[in-house]
Amino acid sequence: MEKYGLYLGCNIPFKAPDIEQSFRKVFPALGIEVTDLPGAGCCPAWGTAPSFDLTTWCAVSGRNITIAEDLDVPIMTGCNSCFGVLSEAKHFIEADASRKKAVNEKLGLINRQFKGTSDIYHISHVLYEKVGLDKIKESLKYDLSGLKVAVQPGCHILWPSDVYHVKEKNSFFPTQLKELVEALGASAPHYSRLEACCGMGGMRSTDVEKSLELFKTKLLSIKEEIDPDCIVTTCSSCFLQFDMSQKTLKERGEIDFEIPVFYYTQLLALAMGFDPANVAALCVTPRDAIIAEIQSEARKVREQEPLMTLAPSIDR
Amino acid sequence: MAKVGVYVCHCGSNIAGVIDVEAVRAFAEGLPDVAVARKDLFMCSDSGQEMIKQDIRDGLVDKVVVAACTPRTHEPIFRGALSAGGLNKYLFEMANIRDQDSWVHAQDPEGATRKAKLLVASAVGKAARLRPLEEKYVDVTKAALVIGGGVAGIFSALELAKMGFKTYLVEKEPSIGGVMAMLDKTFPTNDCSACILTPVMVEAGNHPNIELLTYSEVEDVEGYIGNFNVKVRRKQAYVDWARCTGCGACAEKCPSKTPDEFNMGLSNRKAAYIHFPQAVPKKAVVDMAHCKSCGGREIGTEPKISEKTGKPLLAPCEKACPADAINRTLQWDPAGEIKEIKVGTIVVATGFQVMDKGWFKEMAPDNKNVITALQMERLISATGPTGGKLLRPSDNEKPHTLTFVSCVGSRDEKHHTYCSRVCCMYMIKQARLIKEKYPDVNIYMHFIDVRSPGKDYDEYYTGARKMGINILRGKVGGLEVLPGDNLRVLAYDLDACAPVEYESDLVILATAMELPPTAKKLAQTLGLQFCGSNFFKELHPKLGPVETSTEGIFLAGCCQGPKDIPDTVSQAKGAAAAAAVPLCQGRVKIEPIISEVHTEKCSGCGICVPLCPYNAISLKPYAEKPRAIIDITQCKGCGVCTAACPSAAIVLHGYEEDQIFAQIAALTA
């Protein structure tokens, strides 16, 4: 069983622990062992060290990476920001010998050393590249045929593509999340602003109105062009924006609809038959109706009856 | 004892601004073998050269050293002065105290002056030991080869043919015409491209001195200026061109379809096809890669006999041909045939390709309504896939909003840093033609800036603005795909300092011009070099724009760099004139600075033979023993054999041992 160190970051455990639960349910079931990274800290997020001191950023990120190195496992994370920050930091350390030396001098103070033996993966990369679409299809208990999904890969899983090991053929027109959704039986039609920013992150922190403007533009493109049953993302920041800001816009009278939002592994866990009370329990935008629809009797995948005559007892 | 004259040049302030010229002259005066040492503001001027000639005539000097700019441009000038003065011109040596001294050591005048003295001493050491050399001549094959049958190649070939020289015109496609034959109209006069090119194509096709070798590629070139032996491979057409009348009946009946290269993939052609309606020569080709071998009629096999009629079952193409030019029973060689030709000079006019839109990931390259400008030419051409109607590829509907994007791959550090030069103008042309025909269509053009230098070009551009074409300064960041295959253009308007977003039905990308990948092989075959922009490199960017560093090989058209049709034709005619010079002279000079074997010293070991990069050395019997001999027409004077010979039997004239050692002694004194 392949083993990955789960780097949770901040948003998922603090704001959406049900997403964390969905990781812990789906990965072992798909043959991926998840181990914790004891003592992991902030990645550190954009707006902190990455915005003012490259070497400090690399040292803090480097410390997190060395925890996985000690366990001899690659890192996987479900947060686009953590994925971007850790991947870029690893790139900056490895691309410049003098920076690597400076980082290791800082890490030496806490008896650590960056070696570069652990790769950084996004959970969607592990699902797409390591698990594979076929295995996902085989694991389903519910078939999502007929459901229409708007996909939201988010920015930091796409850019800067030069420093990522697993990447899209064309980051401007990403297809991996679309294929992951289609593996569940649902459709994921293209909409024009698929690659556009949701307005989360630095903009949300500094100018909520501009953030909401970007979000509304994107949301209207989704609603008008494809009118989906739900929105699915693999970025925890995008998840929070889509989940909480629809309510704001609705209360202001700027929109007259709400579209349920899932993190991809939540939808996958539901399709695999896991209990929504564990894997999809917390949301602002209501999603009870669609969860009931997903796990309805009519959608149950009919398991093939074991052919008793062809399964004789064998003495081994 | 030698009487060396040393002449130190100020080169205006180029040298004198850094180097103490008088100090160098005074130093030279004291060197052994030096008879006179003088200086002048410009040694290459008439008065400067006259000074050298007079000293020779007066019997003061019998060897000459000029300390000046660079032998690259000025050696021939001073050698000429020696000849005029009555001295063998190879009794001349140049000390490079500008390019390799004053220009590079401008911050250190004292050091530069010291270096100049050393360079002069070294040149004097060599000059004192120079021996006169004799120039030899060989006869020239009075024929020319032009590679590439686009507008550049056609005009080069026509000029050479009109001068009376047999000219071979090699083109890889079945017809000559190149990219210009694909264009709709031409800026800034809106002449129909086919209307002005077709008569010239026909003229080239009919000219008694021009032999068209179309559907052919140059495979190998051997030899040197005046006498090139060229192997041309004629690709297999599977049609007897001696019989083919170009009626097109085979293409009509052929059921196999494949994207039409002439229409840039916007329509299909048959496997049996004629390149385009105005093709010269108008001959059919069967593209075997896409032939379905109808009814199991494999090429090179006897036909099956019909059980009903007892007659042979022929493929539709051979059945359709009224001239019996298609016979699938014949054993056609898929490799085609090799034709060997002898020519004196070669003009390379192989043209360019436009970048594929697939490179530009942000520009929705998979969307059918994003096209390259060359596809747009076909889309508005009367001989194009829509018969000249403006219909967009996704649904064959008339587009209402059009977007032109300039500098796609040009002026972009991620792709090519150079300007492709013609995009601004041809986009304006396309926009004007569409606006004239369909005034209701909205046209947006995005430029970094509009480049319209040329006769009547800027008036053509301002005319476009007056016609109501929207011209925006600023780049297009990307395209988003909307339902119905429309596109949202995401751009920036530099004049309004604001982002721009709008929906467009059809987007035209002016992708950069570049050399096709096949150019690399041709460069290796011909010994051509590439410039920084990866086009073929001319000898000198200003003074040798049609010559190459390989003597006897000349350049014309876009293979040397992007240019428009007027510039291409000018360069093509210029290249033809330059290529005709050796043919007119009838003989070419063999450079005397080449290697020679002292046969009596040669042991016949043969070490030199495989070392020679020009295959100039062979072993021949001499007094019944094998001895190395150098073919003076092949030797380029590189000196590799001279350095390698264990018996010191090979001398490189002009760089003899005593001369080199005298230079080293002077430099290390």
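The values are calculated or read from the model by the stated rules, or taken from the named source; none is laboratory data. Because the structure is a prediction, the values reported are computed rather than measured. Every residue, glycine as well, gets a Cβ built from its backbone with ideal geometry; the counts of neighbours run over all protein chains shown. Calculation scope for accessible area: heavy atoms of the full protein, side chains included, ligands and nucleic acids excluded. Shrake-Rupley method; radii C 1.70, N 1.55, O 1.52, S 1.80 Å.
Calculated FRET efficiency, B:ARG587 to B:SER647, Cβ-Cβ distance, R0 = 25 Å: about 0.15 to the nearest 0.05.
When shorter helices are ignored and each DSSP H run of at least 4 residues is given -39500 (n - 2.57), the per-residue value for chain B at 222 nm works out to -8000 deg cm²/dmol.
Pull up the cross-link candidates among the lysines for B:LYS53, meaning alpha carbon to alpha carbon under 21 Å and not fewer than 8 places away within one chain. List returned: B:LYS3, B:LYS39, B:LYS63, B:LYS89, B:LYS126. Considering only A:LEU109, A:LEU71, B:THR668, the residue lying farthest towards the positive end of the dipole of the protein assembly as shown is B:THR668, judged by Cα position with unit charges set on Cβ. The Rg/Rh ratio for chain A is 1.00, where Rg is the radius of gyration of the alpha carbons and Rh is the Kirkwood radius. Heavy atoms of the protein chains alone define the surface here; on that basis chain B has 45 Å² accessible area per residue at 1.4 Å probe size. Extending 7 Å from the Cα toward the beta-carbon at both B:THR73 and A:ARG252 defines two label points whose distance is 6.7 nm. Taking a ≥ b ≥ c as the square roots of the eigenvalues of the Cα gyration tensor, an a/c ratio of 1.5 or more together with a/b larger than b/c marks region B:481-611 as prolate. Amide H contacts for B:ILE443 (H built 1.01 Å from N in the peptide plane; partners 5 or more residues away or on another chain; cut-off under 5 Å): B:LEU402, B:ASN470. Using the Cβ-Cβ distance between B:GLN331 and B:THR309 with R0 set to 41 Å, the FRET efficiency works out to roughly 0.95.
Remark: region B:450-467, residue by residue, has Karplus-estimated 3J(HN,Hα) of 8, 10, 9, x, x, 5, 6, 6, 5, 5, 5, 6, 5, x, 4, 4, 5, 6 Hz, where x stands for each Gly or Pro and the curve is 6.51 cos²θ - 1.76 cosθ + 1.60 at θ = phi - 60°. Comparing the full protein assembly with the isolated chain (1.4 Å probe, heavy atoms, ligands and nucleic acids excluded), the residues of region B:334-368 losing at least 20 square angstrom of accessible area are B:LYS361, B:GLU362. When the GluC sites (Glu not before Pro) in region B:104-138 are filtered for DSSP coil states and for at most 14 other beta-carbon atoms within 10 Å of their beta-carbon, the remaining sites are B:GLU134, B:GLU135. Dipole magnitude for the protein assembly as shown: computed about the Cα centre from +1 point charges on Lys and Arg Cβ and -1 point charges on Asp and Glu Cβ, it is near 1820 debye.
Counting only residues at least eight positions apart within a chain, or on another chain, the aspartates and glutamates with an alpha carbon under 18 Å from that of B:LYS368 are B:ASP260, B:GLU261, B:ASP356, B:GLU377, B:ASP395, B:GLU397, B:GLU480, B:ASP485, B:GLU503, B:ASP505. For region B:397-427, state which trypsin sites (Lys or Arg not before Pro) are in a DSSP loop and have at most 15 other beta carbons lying within 10 Å of their beta carbon. For trypsin sites (Lys or Arg not before Pro) across region B:397-427 that sit outside H, G, I, E and B with at most 15 neighbouring Cβ atoms in 10 Å, the list reads B:LYS414. Measuring how big region B:126-249 is from its alpha-carbon positions, Rg and Dmax come out at 19.7, 77 Å. May I ask for the net charge around A:LEU270, where only other residues with Cβ less than 14 Å from the Cβ of A:LEU270 are counted and Lys, Arg are +1 while Asp, Glu are -1? Spelling it out: positives minus negatives among the neighbours equals -1. Just check region B:442-503 against the gyration tensor rule for me: Cα atoms, a ≥ b ≥ c as the square roots of the eigenvalues, rounded for a/c under 1.5, and otherwise prolate or oblate depending on whether a/b exceeds b/c. Verdict is prolate for region B:442-503. Once you have a ≥ b ≥ c as the square roots of the Cα gyration tensor eigenvalues for region B:526-669, tell me rounded if a/c is under 1.5, and otherwise prolate or oblate according to whether a/b is larger than b/c. It is prolate, given that a/c is not under 1.5 and a/b is the larger ratio.
Normalised by 2.2 N^0.38 Å, with N the number of residues, the alpha-carbon radius of gyration of region B:608-669 equals 1.31.
Counting only Cβ charges, +1 for Lys and Arg and -1 for Asp and Glu, the dipole size of chain A around its Cα centre is about 520 debye. Please compare each pair in A:LYS216/B:LYS466; A:LYS3/A:LYS141; B:LYS357/B:LYS398; A:LYS216/B:LYS435 to a cut-off of 31 Å on the Cα-Cα distance and tell me which ones are over it. Listed pairs above 31 Å: A:LYS216/B:LYS466; A:LYS216/B:LYS435. Neighbouring Cβ atoms from other chains, within 10 Å of the Cβ of residues in A:186-194, number 3 on average. Once chain B is represented by equal point scatterers at the alpha-carbon sites, with solvent omitted, what log10 I(q)/I(0) does the Debye formula produce at q = 0.08, 0.10 Å⁻¹? Relative scattering, expressed as log10 I(q)/I(0), comes to -0.80, -1.05. Fully extending the segment from B:ASP456 to B:ASP440 would add 3.1 nm, taking 0.36 nm per residue of separation and subtracting the current Cα-Cα distance.
Cross-link check: pairs B:LYS257/B:LYS475; B:LYS521/B:LYS636; A:LYS137/B:LYS414 evaluated at a Cα-Cα cut-off of 31 Å; pairs beyond the cut-off: B:LYS257/B:LYS475; A:LYS137/B:LYS414. 3J(HN,Hα) along region B:357-366: 5, x, 5, 9, 5, 6, 9, 6, x, 7 Hz, from the Karplus curve 6.51 cos²θ - 1.76 cosθ + 1.60 with θ = phi - 60°, whole Hz, x for Gly and Pro. About its Cα centre, the dipole of region A:14-115 is roughly 160 debye, where the only charges are +1 on Lys and Arg Cβ and -1 on Asp and Glu Cβ. For the pair A and B, the buried accessible area comes to roughly 900 Å² in total, with a 1.4 Å probe and the value rounded to the nearest 100. Protection proxy ranking of A:260-266, B:67-73, A:200-206, by the mean of other Cβ atoms within 10 Å over each peptide's residues and highest first, is A:260-266, B:67-73, A:200-206.
Subtracting the Cα-Cα distance of B:TRP359 and B:CYS605 from 0.36 nm times their residue separation leaves 83.1 nm of extension gain. Restricting the GluC sites (Glu not before Pro) of region B:211-309 to loop positions (DSSP other than H, G, I, E, B) with no more than 16 neighbouring Cβ atoms within 10 Å leaves B:GLU261, B:GLU298, B:GLU307. Taking Cα atoms, how many degrees apart are the long axis of helix B:46-57 and the longest axis of chain B, rounded to 10 and kept between 0 and 90? Tilt relative to chain B: about 40 degrees. Taking other residues whose beta carbon is less than 13 angstrom from the beta carbon of B:CYS407, and scoring Lys, Arg as +1 and Asp, Glu as -1, yields +3.
The residues neighbouring B:MET201, those whose beta-carbon lies less than 13 Å from its own, together hold a net charge of -2 under the Lys/Arg +1, Asp/Glu -1 convention. Farthest towards the positive end of the charge dipole of chain B, among the residues B:PRO393, B:ALA28, B:LEU479, is the Cα of B:PRO393, using unit charges on the Cβ of Lys, Arg, Asp and Glu. From largest to smallest, the equivalent ellipsoid semi-axes obtained for region B:273-352 from the alpha-carbon gyration tensor read 34, 16, 12 Å.
Only one residue of B:GLY351, B:LEU374, B:ALA364 has its Cα farthest out toward the positive end of the dipole of region B:345-412, where Lys and Arg carry +1 and Asp and Glu -1 on Cβ, and that residue is B:LEU374. The portion of the accessible surface of the protein assembly as shown made up by carbon and sulfur, rounded to a whole percent, is 52 (1.4 Å probe; DNA, RNA and ligands excluded).
Among the residues of B:478-488, the average count of other protein chain beta-carbon atoms within 10 Å of the residue beta-carbon is 4. Can you return the aspartates and glutamates within cross-link range of B:LYS537? Criterion is Cα-Cα under 15 Å, with same-chain partners fewer than 8 residues away left out. Counting by Cα, and skipping residues close in sequence, B:LYS537 has these aspartates and glutamates nearby: B:GLU514, B:GLU547, B:GLU551.
In this structure region A:167-316 gives 50 Å² per residue of accessible area when probed at 1.4 Å with all protein chains present. Phi angles across region B:263-280 convert, under the Karplus curve 6.51 cos²θ - 1.76 cosθ + 1.60 with θ = phi - 60°, into 3J(HN,Hα) values of 9, 6, x, 7, 9, 9, 10, 8, 5, 8, 8, 10, 3, 6, x, 9, 4, 10 Hz, Gly and Pro given as x.
A convex hull fitted to the Cα coordinates of the protein assembly as shown yields 317 cubic angstrom per residue.
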